[in-house]
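Read the figures in this text as sums done on the coordinates, not as results from a lab. Just so you know, these numbers come straight off a predicted model, no measurement behind them. Note that we place each Cβ from the backbone using ideal geometry, even for glycine, and neighbour counts take in every protein chain shown.
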Amino acid sequence: MKFDYSLDFDKIDFRKNPELYRIGKGEQGVLMVEPYKSEILPHWKFKTPEIARQSSDKIYEMFLDYKAKEDFVGMDMARKFLQMGYTRSRRYANHKSGRKYAKDSKEVLPIEEDKLKAESANIFYEKWRLAREDKQYLELKKKHRDRYEQQ
């Protein structure tokens with residue numbers, strides 16, 4: 001089931017209402033789902049490899065804390081932030097401006113690899129991989145889909 005953008009995200013506490021949460025694709029909803037966004041976002045940084053390591057370690061630690069509580073929505077949100085750390089670092093690794101496309105056209109800008117941002121991306125990638133392949137995460141994801149996302 002697709003991520004439901006029609007919800008009033010300013011009023012919903014998804015910890016209390018996990019039945020309203022839809023996994024969606026990739027990073028969908030990562031900056032919308034509370035209280036998780038407010039808990040995780042302050043730790044999400046990727047400017048340098050050292051900062052990316054601290055950030056990804058902290059977010060993965062949060063993933064494990066949510067896991068200990070069997071809080072699937074929290075686990076999925078932490079997974080999404082790790083994924084977003086990878087994708088954003090990778091974008092800046094490929095394009096110094098952070099833009100993939102030219103400002104006034106759909107032309108893809110040439111890749112100018114920044115090795116430090118690429119290293120930051122790799123750091124996030126490893127934590128994202130650990131989260132997305134976690135056995136309990138996958139079990140809880142299936143249960144969530146079976147319970148709440150069947151139509």
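On the Cα set of the chain, report Rg and Dmax in Å, please.
Considering the chain through its Cα atoms, Rg and Dmax are 16.3, 48 Å.
Could you tell me how many degrees, from 0 to 90 and to the nearest 10, lie between the Cα long axis of helix 135-148 and the main elongation axis, the longest principal axis, of the Cα atoms of the chain?
60 degrees
Using the Karplus curve 6.51 cos²θ - 1.76 cosθ + 1.60 with θ = phi - 60°, work out ³J(HN,Hα) for each residue of the stretch 18-26 in order, rounded to whole Hz, and write x for Gly and Pro.
Along the stretch 18-26, the couplings run x, 5, 8, 6, 10, 5, x, 10, x Hz.
Out of the stretch 1-74, which GluC sites (Glu not before Pro) are coil in DSSP terms and have no more than 14 other C-beta atoms within 10 Å? Don't skip to the answer; put the middle values down first.
On the way: sites: 19, 27, 39, 50, 61, 70; in loops: 27, 70.
Of the GluC sites (Glu not before Pro), the ones in loops of the stretch 1-74 whose Cβ has at most 14 other Cβ atoms within 10 Å are 70.
Mind pulling the angle between the C-alpha long axis of helix 72-94 and the longest principal axis of the chain? Nearest 10 degrees, somewhere in 0 to 90.
The angle comes out at about 10 degrees.
Compute the acute angle (0 to 90°) between the alpha-carbon long axis of helix 115-133 and the principal axis of greatest extent of the alpha-carbon atoms of the chain; round to the nearest 10°.
Tilt relative to the chain: about 20 degrees.
Using Cα springs under 10 Å in a Gaussian network model of the chain, which residue among 108, 33, 73 shows the largest mean-square fluctuation?
Maximum fluctuation in the GNM of the chain, among the listed residues, is at 108.
Among the lysines, which have Cα under 21 Å from the Cα of residue 96 when same-chain residues fewer than 8 positions away are ignored?
45, 47, 106, 115, 117
Per the helix-only calculation at 222 nm, which mean residue ellipticity applies to the chain, given -39500 (n - 2.57) for every DSSP H run of n ≥ 4 and division by its residues, nearest 500 deg cm²/dmol?
-18000 deg cm²/dmol
Determine the distance separating the Cα centre of the stretch 1-33 from the Cα centre of the stretch 60-138; give it in Å without decimals.
19 Å
Could you calculate the contour length gain from residue 106 to residue 4, that is, 0.36 nm times the residue separation minus the distance between their Cα atoms, to one decimal place in nm?
Working: separation 102, 0.36 × 102 = 36.72 nm, distance 2.81 nm.
Between residue 106 and residue 4, full extension yields 33.9 nm more.
Straight-line reach from residue 16: which lysines have a Cα under 21 Å away, not including same-chain ones fewer than 8 places off?
Answer for residue 16, where 21 Å is the Cα cut-off: 2, 37, 67, 69, 80, 141, 142, 143, listed by chain and number.
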